[in-house]
Amino acid sequence: MEIASYQFTGPLTDVAKVPLDARGVYVVVDLVDDEVREYLDVGEAKQLGDELHSHDRSDCWEEHAEGDIGYCYRITSGAWERDLETNPLERRSEKPRAEGTGVVSELLWKHDFACAPDPWGEIEAHWQVYQTYEDEFGPRG
């Protein structure tokens, strides 16, 4: 399955078919009549199958799903090829950005996920507060 120009395996409705110890990116979807109705979650994991089997947001998936829950995954390795700054809420490191982190950031930018954290929404909310302060008090500094 293609999601935001990335090729993923799945969707699989049996989490046991997701490799237990593979490192990669996952996307959890709501499937109605074998078609994706909604993106539920996205993330990166060192052990995909293990992470999905015991995920702390699985109750949210169940709450939002109208059909079957489907699991898509993409095995990742190495550094991300794109030279983009991380979003300001992402953990920073001196190491090159991992492929999985880059893919998750891009998917969060391009799609809404019912159960995933939304760093871009948080940034937009902070920006609105910033603009309110600037309107009230003038330019910062």
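Computed from Cα positions, the angle between helix 119-137 and the longest principal axis of the chain comes to roughly 10 degrees.
With q set to 0.11, 0.14, 0.15, 0.21 Å⁻¹, the log10 of I(q)/I(0) for the chain, from the Debye formula over equal scatterers at the Cα positions, is -0.46, -0.69, -0.77, -1.30.
With a cut-off of 11 Å between beta carbons, the residues surrounding Glu63 carry a summed charge of -3, where Lys and Arg count +1 and Asp and Glu -1. Compared with the direct C-alpha span, the chain from His126 to Lys110 gains 3.8 nm at full extension, assuming 0.36 nm per residue. In order along region 10-26, the phi-based Karplus estimate (6.51 cos²θ - 1.76 cosθ + 1.60, θ = phi - 60°) of 3J(HN,Hα) comes to x, x, 10, 8, 10, 4, 5, 8, 7, x, 4, 10, 7, 8, x, 10, 10 Hz; Gly and Pro are listed as x.
Computed over the chain with a Gaussian network model linking Cα atoms closer than 10 Å, the most mobile of Glu35, Glu51, Glu124 is Glu124.
Here, each number is a calculation from the coordinates, and none is a lab measurement. What you are looking at is a predicted structure, and each value in this text was computed from that prediction instead of being measured. Cβ coordinates were reconstructed from backbone atoms using ideal geometry, including for glycine residues, and neighbour counts include every protein chain displayed.
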